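Read-outs: derived from the displayed coordinates by stated rules, not from any lab. Here the structure is a predicted model, which is why all the values come from computation and not from measurement. Because the Cβ atoms are built from the backbone with ideal geometry, glycine has one as well, and the counts that use them run over all protein chains shown.
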Amino acid sequence: MASIDAFKKKIKSGLARPNRYVVQITFPSSFLSTDIMNTIAYNDASYAWSSFFKSRMNNASNSRTLSFLCESAELPGVHFATVEDKQWGPFRKIPYLPVYNDLSFVFMCDNYMKPRLLFDQWQAIVMDKYDFKSFFYESYIATVTVSLLSERNKSAYTIKCFEAYPIEVVTQTLSYNETDTYLKLEVKMAYRYWDMSDETETFKQTFDNQASFARQNNNVESGLGSGND
């Protein structure tokens with residue numbers, strides 16, 4: 001039976017805290033672009049692009065705003081789509097495709113409703129809400145980075161989601177009874193795939209070295225590592 005001292009040794013670096021994170025959204029290059037939005041293709045979407053808004057915002061400030069106001073986030077997972085293979089005995093599930101679920105982010109809304117305005121603008125360059133015309137895929141996708149931080153504010157685990165865009169802006173509920181709280185905005189982001197960022201390259205190297213050592217020693221029972229730590 002493992003002792004308390006052995007347990008403490010395993011977590012001597014501390015436990016990860018879910019409240020220490022940073023979210024960074026890199027907006028599409030066409031976002032808030034006056035030249036692109038003035039083209040014929042985007043005329044029908046111009047309702048979402050007021051000159052007041054465009055003249056006072058830029059993509060760098062947009063990213064910082066959402067990073068500060070992001071109240072909760074998710075680290076993405078992955079599961080495999082499978083087919084059942086039956087030759088003899090119980091079925092085997094054979095994977096053929098990785099599947100990535102949408103991510104949910106919750107933002108605090110300020111008095112100017114900046115998070116809602118930003119995502120309204122973004123969705124306006126995804127599809128026209130009046131004639132149901134979709135725009136070019138490359139023009140509205142971006143990168144979303146989610147970093148879990150250590151207690152020293154260093155990246156402990158960083159993931160980048162590629163080809164992301166807001167697939168859903170969730171309905172916001174207003175109520176006279178909600179007097180001691182603030183308005184929140186939930187946004188669901190679709191993306192094609194995710195990968196570990198170079199910011200956690202040290203972790204990747206450590207992981208790969210341990211896995212290689214385990215394979216060389218055929219240490220199936222203990223998984224990664226030699227089992228002597």
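Taking a sphere under 14 Å around the Cβ of residue 171 and counting the other residues whose Cβ falls inside, with K and R at +1 and D and E at -1, yields a net charge of 0. Neighbours of residue 150, meaning other residues whose beta-carbon lies under 10 angstrom from its beta-carbon, give a summed charge of +3 when Lys and Arg score +1 and Asp and Glu score -1. Annotation: amide H of residue 74 within the under-5 Å range of 104, sequence separation 5 or more or interchain, hydrogens built in the peptide plane. Exposure proxy shown here: for 88, 122, the number of other Cβ atoms within 10 Å sets the order, fewest to most, as 88, 122.
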